[in-house]
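Following: one structure in structure tokens, then a few remarks.
The values are calculated or read from the model by the stated rules, or taken from the named source; none is laboratory data. Keep in mind the model is a prediction, meaning the values are calculated, not measured. Note: ideal-geometry Cβ built from the backbone for every residue, glycine included; neighbour counts use all protein chains shown. What goes into the accessible areas is simple: the full protein's heavy atoms, side chains included, and nothing from ligands, DNA or RNA. Shrake-Rupley method; radii C 1.70, N 1.55, O 1.52, S 1.80 Å.
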Amino acid sequence: MARALVFLALLCLVASSLAGGAEARKMVGVYMLKKGNFSVKMTNWGATIMSIVLPDSKGNLADVVLGKDTLAEYVDDTFYFGPLNGRVAQRMARGRFVLDGKVYHTYINDGRNAIHGGHRGFSKVIWTVKEYVGGGTSPHITMYYRSFDGEQGFPGDLDVYATYTLSSRYVLSIRTNATALNKATPVNFLQHVYFNLAGQGSGDVLGHTLQLLASRYTPMDEELLPSSGRVVPVAGTSYDFRTPTPIGARIHQVRGGKGVHGYDINYVVDGDGMRKVAAARDGASGRGFDLWANQPAMQLYTGNGLNNTKGKDGKVYGQYAGFCLETQAYPDAVNHPEFPSVTVRPGEVYKHDMVYKFSF
């Protein structure tokens, strides 16, 4: 913790001294978006969602997002509680890829492989707050990050924007875009939010019902890589959530890597463009959400690695204390030409949009 505090203080000092004046808002802060009794708390450390508070069917408010109490704890976080991951999220085999005939090596931080952009991916940097309106008719925050050529081994400068908006009552819209400035580069973002719709720290999510509008998935190997390159039907498997199904119904029939049971699997979402990709609901509280996105795939992760993990407000998170629905490109697409390309060339713009429509 002491190391995290020192590191955070140094980052803030460097950001302040380099930027000065109007750019002082690059210092790490906490920002609240509020619309009635619906609120989202964020930090520009990693473009991280720290909390989402909304009522249940009886009007009782609860925070439905797992996380930490302090910014220093987010600096030390290894579970990716809430950040925007990039430049290339998910796993990359051996941390290498070939682009236009050149071999690139990225930072290895997951066994023999890279994950979520390396040890200092977009979740571990300070984003510049470009615009912030906390209340009113359209509360929103826009953050910016310039990823430099060679950062974590990736080629080219990349301009990245992420805007979070309470676009209407109980609706959170997330719009991200990235422009390659001078070199071709792979790009894949995801927002790594753990949900527990009964309230963070209230127990496991095995009783939550989940519907995924995905009829295919990519089988993973022991390192959670789609090494075979296959895309297969979910029909007749424990991965079938095409109709609303409790998360725990078949969870002990699947392995989420490292010898643990649980889901950590990529789904190929049906259709294309902006469409509904998933729905989740907690029957006891009545809370739920529909998730819309424009990406071709989505990772379901059920918090398999949580194990008496310190959370917020004195809560401790056990295994399956939350679930993530991570809209994304296909994992390790840089090493699978049979998957849709994630290459963005100079002047091209990558766009990733997500909309959470909450209900209770």
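When the pairs Lys183/Lys351; Lys35/Lys310; Lys124/Lys258; Lys58/Lys276; Lys26/Lys351; Lys102/Lys183 are compared against a 20 Å limit on Cα-Cα distance, Lys35/Lys310; Lys124/Lys258; Lys58/Lys276; Lys26/Lys351 fall above it.
Measuring r between the beta carbons of Val316 and Asp100 and using R0 = 41 Å, the FRET efficiency lands at 0.30.
I need the peptides 221-228, 342-349 ranked by packing, meaning the mean over residues of other C-beta atoms within 10 angstrom, with the highest value on top. Could the numbers behind the result be given before it?
Working: 221-228: 17.0, 342-349: 14.2.
My ranking of the peptides, most packed first, is 221-228, 342-349.
The charge dipole of the chain, taken about its Cα centre with unit charges on the Cβ of Lys, Arg, Asp and Glu (plus for the first two, minus for the last two), comes to roughly 360 debye. Remark: segment 347-358, residue by residue, has Karplus-estimated 3J(HN,Hα) of x, 7, 10, 8, 10, 9, 10, 9, 9, 9, 10, 7 Hz, where x stands for each Gly or Pro and the curve is 6.51 cos²θ - 1.76 cosθ + 1.60 at θ = phi - 60°. Extension gain, Arg146 to Arg169: 0.36 nm times the residue separation minus the Cα-Cα distance gives 5.1 nm.
Shown in residue order for segment 254-264 are the 3J(HN,Hα) couplings computed by the Karplus curve 6.51 cos²θ - 1.76 cosθ + 1.60 at θ = phi - 60°: 10, 10, x, x, 6, x, 10, 7, x, 8, 8 Hz (x for Gly and Pro). The label point for Asn307 and the one for Asn177, both projected 7 Å from the Cα toward the Cβ, are 4.4 nm apart. Put a dot 7 Å past the Cα of Asp221, heading toward its Cβ, do the same for Gln253, and the two dots end up 2.6 nm apart. Give, as ranges by residue number, the residues of segment 309-347 whose backbone N falls under 20 Å from the point 7 Å along Cα→Cβ of Thr245. From segment 309-347, the list is 320-327.
Given R0 = 22 Å, the distance between the Cβ atoms of Ser228 and Ser341 translates into a calculated FRET efficiency of 0.70. Residues with beta-carbon under 15 Å from that of Arg91, excluding Arg91: net charge, scoring Lys, Arg +1 and Asp, Glu -1? Every neighbour counted, the sum reads -2. Projecting the Cα atoms of Ile141, Thr78, Asn335 onto the dipole axis of the chain, where Lys and Arg carry +1 and Asp and Glu carry -1 at the beta carbon, places Ile141 farthest toward the positive end.
Each of the peptides 27-38, 119-130 was scored by the mean count of other Cβ atoms within 10 Å over its residues; in descending order, highest first, they stand as 119-130, 27-38. Charged neighbours of His252, selected by a Cβ distance under 15 Å, balance to 0 (K, R count +1; D, E count -1).
When Thr48, Thr70 are compared by accessible surface with a 1.4 Å probe, the order from highest to lowest is Thr70, Thr48.
The accessible surface of the chain, taken with every protein chain in place and a 1.4 Å probe, is 53 percent carbon and sulfur.
Only helices enter the 222 nm calculation for the chain: every DSSP H run of n ≥ 4 contributes -39,500 (n - 2.57), and dividing by all residues gives -2000 deg cm²/dmol, rounded to 500.
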